[in-house]
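Okay, so here's the structure we're looking at.
The values are calculated or read from the model by the stated rules, or taken from the named source; none is laboratory data. Because the structure is predicted, anything quoted here is derived from the model rather than measured. Quick reminder, even Gly has a Cβ in these numbers, built from the backbone with ideal geometry, and neighbours come from all protein chains shown.
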Amino acid sequence: SGCASLKGTPTMAIEPLTNFVNGAFVKSGASEFLPVRDPGTTDVLTQVPLSPKEEVDAAVTAGAVAFREWRRTPAGERIQPLFRLKVLLEQNRDEIAKIITRECGKTYVESDAEIQRAIENIEVACGAPSMMQGVTNEDIARGIDESMVRQPLGVVAAITPFNFPLMVPLWFMPYAVACGNSFLLKPSEKVPMTMMKLMELVAQAGFPKGVIQVINGARDVVDAILDHPDVKAVSFVGSTPVAKYIYSRATANGKRAQCQGGAKNPIIVMPDADMETTTRIAADSAFGCAGQRCLAASVAITVGDARNEFLERIADAASSRKVGYGLDKATQMGPVITGDSKARIEKLIAMGEMEGAKIVVDGRQHKVSGYEDGNFVFPTILDGVPHGGELARTEIFGPVFSLTHASTIEEAIAMCNDRAYGNAASIFTTSGAAARQFRYEVASGNVGINLGVPAPMAYFPFSGWRQSFFGDLHAQGAHGFEFYTETKVIIERWPKEWSRKF
Ligand code: NAD
């Protein structure tokens, strides 16, 4: 993975991004930089340093020093800068939405929605004083009490993907610091600008130096994090091969790890579904964020008579979607992240056709006027994608919706479960019995009923299964507090006879 194709001659006229270390914006001594491009124009927005290992080491050291004081700071005090950060995010919402759109390509409305989901995680993390509480039993034996407390781990790190430049880092950071850890982030090198803007707000919010830090870079930064003995926990979100790699290396080094991977999310459309709502929701799921959401519907399994009507309606929805630059008001769908990504998606469309699928709506070869160089792939519908084929198993991560067919709900659920990924699955039906059977039997961590993007709220765990998740404790909510704390059990005996007589 990574982004080899973006490596080019850096436009040094543009001042490169810095890192954020020990409370300051620090120039990287990197010898290599990557251009960060606007996916809608392919213009270079800035340069991102591929920071060397020594800069990770310096940040971990600063984080470890900050931790000594931060863990002693009462939780009720630790959450005060998080409250301020929430307000700062609200005040800077428009500017941040524009940064997200420029570097990531999604529409302004989608960027704004992402900010909302990010803020919600800060709100939930502010519950730390309650959520970190331990438990006590008096008299586990006569006169002996036992209690369990939760203590922070130390320096913890996260490595995040390109598709949610703000929200995914905030699946981790607020919980980590509210629990008393110091937090080190390596953002995606494709979208590093949003996090540098967030660090300006972090500096204003008044977190002590070293408690929140960012080191920009790619694989070398990741490996330095994975091998550093003072990094106690690693959170990852990205593709499955990288998730597996990070999970293996982090755990082999004795760290806690939670690694969220790729997806290939099915939806079942029952013949009794309300077709108008179903199609609208399914289209938003498949084509929202240009299909680059880990909860995006990727395969529709129509059951029985649902087939023809759904095909007709979804083809309409796909061909009428307005594709364009994310900051243009009329735009309903933006570009995909890189030229590589566009090429990969177009190859997969061709592969689907070779495997016997019919291209009902072809999103290749379209240009957006005024943005001829942008990485645009238009909504695409493939019908009759063979369930056993390679395309049915491959994550596309683009605006391509594959249709396939089943005769019964049992067959459809079996098709959902016969896949390596288990991030999300949805059913569209007006039957309670069908909905119940589906939610009970489907092998997926996030389940939607008459819903296209079953994204858990911040107070629920983001529950990927199988190849979509490696680890035990998920991101967000109560799992976040557990992941970022170590339990300590204390058993005490204080006989009265030992008391000094007064
Ligand atoms: P990616 O795996 O290419 O990159 C993710 C991060 O890993 C980046 O920070 C990158 O620098 C780093 N990385 C890449 N290759 C590496 C390597 N060989 N060694 C070490 N580090 C490496 O993912 P992406 O393209 O940025 O994001 C898209 C993927 O993320 C999709 O597969 C999508 O399904 C997945 N995703 C999953 C979830 C989820 O909740 N499960 C959420 C968002 C995205």
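Within the bounds of region 441-461, is there any residue that is in a helix (DSSP H, G or I) and surrounded by 16 or more Cβ atoms within 10 Å (Cβ to Cβ)?
no
Please enumerate the residues belonging to region 226-247 that are among the β-branched types (V, I, T) and not in a helix (DSSP H, G or I).
Kept after step one, since they are among the β-branched types (V, I, T), are these residues of region 226-247: 231, 234, 237, 240, 242, 246.
The answer is V231, V234, V237.
Which of the residues belonging to region 19-32 are over 23 Å from the mean Cα position of the chain (by Cα) and either closer than 13 Å to I215 by Cα or modelled with pLDDT under 95 (or both)?
V21, N22, G23, A24, F25, V26, K27, S28, G29, A30, listed by residue number.
Conditions tested, residue by residue: (1) in contact with a Cys (Cβ under 7 Å, 6 or more places away or on another chain); (2) touching a residue at least 60 places away in the same chain (Cβ under 8 Å); (3) surrounded by fewer than 20 Cβ atoms within 10 Å (Cβ to Cβ).
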| position | (1), (2), (3) |
| --- | --- |
| D112 | no, no, yes |
| R117 | no, yes, yes |
| V124 | no, yes, no |
| A128 | yes, yes, no |
| M131 | no, yes, no |
| D145 | no, yes, yes |
| P169 | no, no, no |
| F172 | no, yes, no |
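Can you tell me which residues in region 240-271 are among the β-branched types (V, I, T), more than 11 Å from the ligand (Cβ to nearest atom) and in contact (Cβ under 8 Å) with a residue 60 or more places away in the chain?
I267, I268, V269
If the Cβ limit is 7 Å and pairs must be 6+ apart or interchain, which residue in region 181-201 that is of a type outside the set (S, T, Y) pairs with which residue that is outside any helix (DSSP H, G or I) and at pLDDT below 95?
From region 181-201, the pairs are E189/C3; K190/C3.
Taking only region 71-102 into account, find how many residues are touching a Ser or Thr at 6+ places or on another chain (Cβ under 8 Å) and crowded, with 23+ Cβ neighbours inside 10 Å.
Count: 4.
Consider G352 against the criteria (1) part of a loop (DSSP other than H, G, I, E, B); (2) more than 26 Å from the chain's Cα centre (by Cα): it satisfies all of them except one. Which criterion is unmet?
It is condition (1) that G352 fails.
Among the residues of region 138-188, write down those that are charged (D, E, K, R) and more than 15 Å from the chain's Cα centre (by Cα).
E138, D139, R142, D145, E146, R150
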